[in-house]
Amino acid sequence: MNPAQPRRNLFVALSTALLAILACSLPALFNDPMAEEAMLATSVQQTLEAQGVNQPDTDPSMPSDSPPDTPATSSGIDLMVKQALVRYDGLTGQATFELTVCNIGTEEAGPFEVRLLANGVYNSATHSSNLASQTCVGVFNPMSTLAGFGVYQPGEVLLSWEIDPSDEGESDDYNRGQKFMVVDKVDTTPSPNELTLYQDCMTRDTHNNCSSSIPQDPTGNPHEIKKQAGNFISIVPAAYEALANHYLMDNEICAKALETYLGIAMPQPVIGRGVIADYTGGYFGSQGGIYTSGPTSMFDNFLTNLPESWGYALKGECVNAHEMTHYFLGDVPMPTWFNEGLATIAQTTARTNYYNNLNIECRENGWYGVDYYGTEQEHPYQNLMVYDTTIPGIYYYYTGMCFWDYIEKTFGQDKVREIVSDTVSYRNPVYNGCTAETKSTYFIQDIVNPTLGTDISSVTLAKFNVGATYTGCE
């Protein structure tokens, strides 16, 4: 079977994932970052005092990596800055600072202003409409630029902010704060190599398939927006840029949950892209990135459901667990259905605080739950050696999920983490699809059995018709 084909077809049926990611690493930006932080903090504090701007109740030399934890609900109107980010416009090539402001209160909030200060330069932006309870909005001044804040080259910049009007009777930490922002570039110009690859691709294909040539940058045609909050980056069509703020927050929630569940570190940075395509929507995750592609109607639906999605995020619930799991694994010699099974078992509240718990019970000879047609019953495990196109593909996902359920119940969650850790030690781009190199490492024989200290191939053969040398490429 071709393991790539069922993934493309089946994510439509599985459609609970959203947007997200690629993997690479940021270079060190300063030889002495602590000295740089102290210098910036002193400069900004002096400017704040000179301008009479209220200062945050924090030590500038010890910036917080993230805003305060969000309580599920607060009475009345309660605004807080949940994210500080850098916004890049692919059409103009300009970048500026932006805040994600959330109303965690029970009442609708009226218009408000945010005030920003960086490098001694003051700026402001206004949200001119109301903000519903338990929702968030990105706020920035479209006329401002990084150059306007005195940022002319990549580096760290201390950004301070406050909301006006502030909420009465609450901690200033919600309405005022500061953070050292990492600016990885000051405009949207891709590297010469990426630009050449993209332009060459566009002579033969469309932006939907060519955008992976410039993974970290938006383009002007189509018009895209990139938003970056720390190690999390999202690039979306300009008309849907509100989605990017939610994706950044959701991906951070999911990444933290998966670090605990899988027991491996999050690749950095987390980069994802949403692109407009004419065909039915799909979601694709691997070390090469997580893309959401589909027609405008799909993105319109995402935008319509955005208030509900913000509710999940503000409760700390993960939506993108499935694709984030693929991103964590990258390209490894794990057979497709075991790979999909691990991403599927992550869609459970107990494991990742998933927003919509997947209620599938793994039994001795099959899985029990609501099937593809809405009937609650038990289905036998699929023969993982043969992909039958007449059978709903999600049944293969559930069968692969029950492999991991068996490991958890029989050997414990720690052994799942050990298997995952041992598997990613083989991470290599050659393990992308069914190549000759893939067959040189056998997941059960070379990774699972040694990790468990016992041979489980008789069990996998009986349940799933796969033995010790199964690769998923048969």
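The values are calculated or read from the model by the stated rules, or taken from the named source; none is laboratory data. Since the model is a prediction, treat every value here as computed from it, not as a measurement. Quick reminder, even Gly has a Cβ in these numbers, built from the backbone with ideal geometry, and neighbours come from all protein chains shown.
Restricting to the range 458-473, name every residue that is in a helix (DSSP H, G or I), under 21 Å from Y398 (Cβ atoms) and either modelled with pLDDT under 95 or more than 32 Å from the chain's Cα centre (by Cα) (or both). Lay out the reasoning, then the answer.
Applying the first criterion (in a helix (DSSP H, G or I)) to the range 458-473 yields 458-464.
Next, only the ones that are under 21 Å from Y398 (Cβ atoms) stay: 459-464.
The answer is V459, T460, L461, A462, K463.
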Next item on the list: Take T188 and decide whether it is surrounded by fewer than 20 Cβ atoms within 10 Å (Cβ to Cβ) and under 26 Å from L243 (Cβ atoms).
Entry: no
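Report, by residue number, each residue of the range 192-225 that is among the small types (G, A, S) and either in the same structural domain as G93 (by TED's automatic domain parsing) or buried (at least 16 other Cβ atoms within 10 Å of the Cβ) (or both). Break it down stepwise before answering.
Taking the range 192-225 first, the residues among the small types (G, A, S) are 211-213, 220.
Those that are among the small types (G, A, S) and either in the same structural domain as G93 (by TED's automatic domain parsing) or buried (at least 16 other Cβ atoms within 10 Å of the Cβ) (or both): S211, S212, S213.
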Notebook entry, point to check: Can you find even one residue in the range 188-203 that is of a type in the set (G, A, S) and assigned to a strand (DSSP E or B)?
Noted result: no
Check: Would a scan of the range 244-261 turn up a residue that is surrounded by 20 or more Cβ atoms within 10 Å (Cβ to Cβ), in contact with a Gly (Cβ under 8 Å, 6 or more places away or on another chain), not in a helix (DSSP H, G or I) and not polar (S, T, N, Q)?
Finding: no
Checklist line | Residues located in the range 376-425, provided they are closer than 19 Å to L461 by Cβ and aliphatic (A, V, I, L, M) | finding: L384, M385, V386, M401, I407, I419
Note to self: Checking the structure you have, find out if any residue of the range 311-325 is more than 27 Å from L99 (Cβ to Cβ) and in a loop (DSSP other than H, G, I, E, B).
What the structure shows: no
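Do we have any residue at all in the range 203-225 that's touching a Gly at 6+ places or on another chain (Cβ under 9 Å) and under 30 Å from G341 (Cβ atoms)? Steps first, please.
The initial filter retains those residues of the range 203-225 that are touching a Gly at 6+ places or on another chain (Cβ under 9 Å), namely 212, 215, 217-225.
Add one more test, that the residue is under 30 Å from G341 (Cβ atoms), and what stays is 212, 215.
Yes, that holds for at least one residue.
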Notebook entry, point to check: Name the pairs: first residue in the range 303-330 and under 15 Å from V270 (Cα atoms), second residue among the charged types (D, E, K, R) and outside any helix (DSSP H, G or I), Cβ to Cβ under 8 Å, at least 6 apart or on different chains?
Noted result: L329/R427; G330/R427
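Being within 11 Å of the chain's Cα centre (by Cα) and of a type in the set (A, V, I, L, M, F, W, C) narrows it down to one residue among M324, M298, M334; which is it? If you could, list the steps in order and put the result at the bottom.
Details: M298 fails: within 11 Å of the chain's Cα centre (by Cα); M334 fails: within 11 Å of the chain's Cα centre (by Cα).
On inspection, the qualifying residue turns out to be M324.
Can you give me the number of residues within the range 263-279 that are crowded, with 24+ Cβ neighbours inside 10 Å and more than 17 Å from G90 (Cβ to Cβ)? Reasoning before the result, please.
The first filter runs over the range 263-279 and keeps only residues crowded, with 24+ Cβ neighbours inside 10 Å, leaving 270-274.
From what's left, more than 17 Å from G90 (Cβ to Cβ): 270.
Going through the range 263-279 one residue at a time, the tally reaches 1.
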Note to self: Need pairs with beta-carbon distance below 8 Å; first residue without any contact (Cβ under 8 Å) to a residue 60 or more places away in the chain and within the range 243-265, second surrounded by fewer than 24 Cβ atoms within 10 Å (Cβ to Cβ) and in a helix (DSSP H, G or I); sequence gap 6+ or separate chains.
What the structure shows: A265/E259
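Identify all residues within the range 342-357 that are surrounded by 21 or more Cβ atoms within 10 Å (Cβ to Cβ) and either acidic (D, E) or in a loop (DSSP other than H, G, I, E, B) (or both); write none if there are none. If you could, list the steps in order and put the result at the bottom.
At the first step, the residues of the range 342-357 found to be surrounded by 21 or more Cβ atoms within 10 Å (Cβ to Cβ) are 342-347, 351-352, 354-355.
If the condition is that a residue be surrounded by 21 or more Cβ atoms within 10 Å (Cβ to Cβ) and either acidic (D, E) or in a loop (DSSP other than H, G, I, E, B) (or both), then A346, Q347, Y355 are the ones that fit.
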Next item on the list: Give the range 233-242 a look and list any residue that's in contact with a Phe, Trp or Tyr (Cβ under 8 Å, 6 or more places away or on another chain) and crowded, with 24+ Cβ neighbours inside 10 Å, or say none.
Entry: S234, V236
Margin query: Quick test for you: out of G282, G374, G369, G311, pick the one residue that is in contact with a Lys or Arg (Cβ under 9 Å, 6 or more places away or on another chain) and either surrounded by fewer than 18 Cβ atoms within 10 Å (Cβ to Cβ) or farther than 28 Å from Q134 by Cα (or both).
Written below: G282
Next item on the list: Identify, from the list T196, T189, T219, the residue that is without any contact (Cβ under 8 Å) to a residue 12 or more places away in the chain and farther than 16 Å from F302 by Cβ.
Entry: T196
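R417: modelled with pLDDT of 95 or more and either among the basic types (K, R) or surrounded by fewer than 19 Cβ atoms within 10 Å (Cβ to Cβ) (or both), yes or no?
yes
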